[in-house]
Amino acid sequence: KAKEKGRLGFQFFTGAMDRQMAERRQLEKSLRRGLRDGDVFIHLQPKVRLAEGRVTGFEALARWQSPDHGMVPPSRFIPVAEECGLIGGIGELVLRLTMETLAGWRAHGRVLLPVAVNLSAGQLGNPGLAGEIDSLLREFGLPPTVLELELTESMLMGDADQVRAILFRLKDLGIKLSIDDFGTGYSSLSYLKRFPVDVLKIDKSFVTDLPGDPEGEAICLAIINMAKALSLDVVAEGVETEAQSSFLSDNGCDFAQGFFFARPVSVEEAQDYLPVTCSPDRPG
Ligand code: C2E
Ligand code: MG
Ligand code: MG
Ligand code: MG
């Protein structure tokens, strides 16, 4: 009897695994097609300076509208892309779409605000990454200051020498580097000395607890103060309420992103957040 149960349990287990693998292969196939068919695109979430509530930049976020699976969140398709070798293609597409957007704004005579693009571990495994980004900027005739790149702590723990070389090249090009989801990785803080980091982004899991939660408050204050001491910018992620915004602003956090200010929007809608210029010879 026990043997029977064991067998059944085992069969159930392999059955579930088979199903999961089949689902994954299906997702991978759809993603490959989606990339080819233009179903992967970007949304832009505004970043604000808390002191005036003015929009000072954006973060590009990948979106995949699949005919088979509907809107698939990046938390689901980015890991699949990492595993099946599609991340290079997605990463390049997101960079290209970002530059097309910036070039489009410029063609409309708009003042450009920088856009931050998320990098993936797989992209840092490409020693030519900085060169490719440089070529893209040149292709679109854009200055490097319109692009920022976001990395996570865990990405700084891989092949340290290669990653360092890539990051210093990017830095030399004049591109700002941010640490995303700061405080949630396993990395030691020593990388802040070893890598050319410009910005810390406080993870939204710490911001959620503001104000009132002693641990959440202490962690946010510690990150803000450390950023200041190291002359880094600090951005709070996932700000959803006025109370969170005030707490951060009262405690010296300069920038924030979150649904309280704006959700990620289409590139067309994002254009409305760009500064309005008034030149004397072109009134209105
Ligand atoms: P992330 O880079 O930390 O991006 C912030 C995420 O928080 C986004 O989710 C954004 O929509 C969401 N968010 C913004 N404000 C709020 C808020 O007030 N409340 C809440 N609850 N959420 C907020 P999204 O777009 O689903 O992206 C999830 C993650 O997927 C990103 O986290 C990033 O790690 C990854 N990702 C997105 N686009 C790309 C990409 O182009 N390349 C790579 N490698 N990863 C990407
Ligand atoms: Mg990010
Ligand atoms: Mg983040
Ligand atoms: Mg996050």
Those residues of region 155-169 that are buried (at least 18 other Cβ atoms within 10 Å of the Cβ), within 25 Å of ILE224 (Cβ to Cβ) and either of a type outside the set (A, V, I, L, M) or away from ligand 3 (no atom under 16 Å from the Cβ) (or both) come to a total of 1
Just give me the residues in region 97-110 being assigned to a helix (DSSP H, G or I) and open to solvent by 10 Å² or more (accessible area, probe 1.4 Å), in sequence order. LEU97, GLU100, THR101, ALA103, GLY104, ARG106, ALA107
Is it true that ALA160 is away from ligand 2 (no atom under 16 Å from the Cβ) and at pLDDT 95 or above? no
For region 172-245, list the helices (runs of 4 or more DSSP H) that sit wholly inside it and hold at least 1 residues that are within 16 Å of ligand 3 (Cβ to nearest atom) and open to solvent by less than 30 Å² (accessible area, probe 1.4 Å); which are they? 204-207, 214-229
In region 246-260, anything aromatic (Phe, Trp, Tyr) and not in a loop (DSSP other than H, G, I, E, B) is listed as PHE247, PHE255
Filter region 70-96 down to the residues that are outside any helix (DSSP H, G or I) and crowded, with 17+ Cβ neighbours inside 10 Å and list them by number. VAL72, LEU86
Looking at the structure I just gave you, is ALA116 within 21 Å of VAL55 (Cα to Cα), within 16 Å of ligand 2 (Cβ to nearest atom) and under 15 Å from the mean Cα position of the chain (by Cα)? yes
I need a count of the residues in region 52-62 that are modelled with pLDDT of 95 or more and either open to solvent by 70 Å² or more (accessible area, probe 1.4 Å) or over 12 Å from the mean Cα position of the chain (by Cα) (or both). 4
Filter region 101-131 for residues that are in contact with a Phe, Trp or Tyr (Cβ under 7 Å, 6 or more places away or on another chain) and either among the charged types (D, E, K, R) or over 19 Å from LEU61 (Cβ atoms) (or both) and give the result. ALA103
Pairs please, first residue from region 96-125 and away from ligand 3 (no atom under 16 Å from the Cβ), second anywhere and modelled with pLDDT under 95 and part of a loop (DSSP other than H, G, I, E, B), Cβ atoms under 7 Å, 6+ apart in sequence or on different chains. VAL111/PRO275; VAL111/THR277; LEU124/GLY158
From the list ARG63, ARG106, ARG110, which one is within 27 Å of VAL48 (Cα to Cα) and touching a His at 6+ places or on another chain (Cβ under 8 Å)? ARG63
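The values are calculated or read from the model by the stated rules, or taken from the named source; none is laboratory data. Since this is a predicted model, take the numbers as computed values, not measurements. When we count neighbours, we look across all protein chains shown, and the Cβ atoms used for this are built from the backbone with ideal geometry, even at glycine. These accessible areas exclude ligands, DNA and RNA; they are computed on the full protein's heavy atoms, side chains included. Shrake-Rupley method; radii C 1.70, N 1.55, O 1.52, S 1.80 Å.
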